[in-house]
Amino acid sequence: INRSPPKHMTDEQTVFNIKSAALKGNAQAQYRMGLIFQYAKYGVKQDIHEAVRFYMLAAGSGHVKAQVNIGMLYEQGLGVEQSDAIAVRYYTRASDNGDAKALFNLGMCYKNGKGVAQNDEEAVRLFKESASKGNTNAKFVLGVIYAKGKRVQQDANEAISFYNAAAKEGDSKAMCNLGVLYEGGMPGVPRNDVLAVKFFQKAIEN
């Protein structure tokens, strides 16, 4: 259930074994079946409703990644009736267990007022917690927030720190934004064309 299937096993056998475990109540197998149906893996025809069914089973057993995926399906209205409020409920459950992606997604909900009252302070708190757990998107968004200074006090050093953290993980948007920041300069950071070109080139390479 937790590892790649043996090379001698056919796709049909793999799905049969995972589904058997899922129907016996194994939460990880239920989550795997959700992925299989959502992304049409192992030769299985895509079926978003079956994906929802298995994710729901896993989420009900406390499977954090299944809770995140269900939240995303509700947010997008895929296989279920669109509901930001229900998405927030699932993101909150998963974020309470420290899931970095759930923390980021919940932060975006607070940032944009989707399914919950808009709250910049809570959004930034969630982004920082997500970033501390390695979420690259959270690092990039925090870079944008501190560079623009619309939701927090503008802070060039914080912006550069978060952009650099995301850039080190291969985020080309962060590289490009660092180039823009150094090209134009901002309070606390003088213009630096050499660094601007360096980051633009890195963004192109990525």
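Estimated purely from DSSP H runs of n ≥ 4, each contributing -39500 (n - 2.57), the mean residue ellipticity at 222 nm for the chain is -22000 deg cm²/dmol once divided by its residues. Let's test the formula: R0 of 25 Å, r as the Cβ-Cβ distance of A40 and V144. What FRET efficiency results, to the nearest 0.05? Step by step, r from the Cβ atoms, then E = 0.15. Accessible area per residue for the chain, computed on protein heavy atoms with a 1.4 Å probe, is 54 Å².
Between the range 111-158 and the range 1-71, how many Å separate their Cα centres? The distance from the Cα centre of the range 111-158 to that of the range 1-71 comes to 33 Å.
Of G43, G62, G115, the residue with the greatest mean-square motion in the GNM of the chain, using alpha carbon springs below 10 Å, is G43. To the nearest 0.05, how large is the calculated FRET efficiency for R3 and L78 if R₀ is 25 Å and r is the Cβ-Cβ distance? It comes to 0.30. Mark the label point 7 Å from the Cα of Q118 along Cα→Cβ and return the residues of the range 83-108 whose backbone N is within less than 16 Å of it. Zone members listed by number: 107-108.
Here the chain exposes an accessible surface that is 49 percent carbon and sulfur, computed with a 1.4 Å probe and the other protein chains kept in place.
The values are calculated or read from the model by the stated rules, or taken from the named source; none is laboratory data. On a predicted model such as this, the values are computed, not experimentally measured, just so you know. Ideal geometry is used to build each Cβ from the backbone, glycine not excepted, and the neighbour counts take in all protein chains shown. All accessible areas refer to the heavy atoms of the entire protein, side chains included, with ligands and DNA or RNA removed. Shrake-Rupley method; radii C 1.70, N 1.55, O 1.52, S 1.80 Å.
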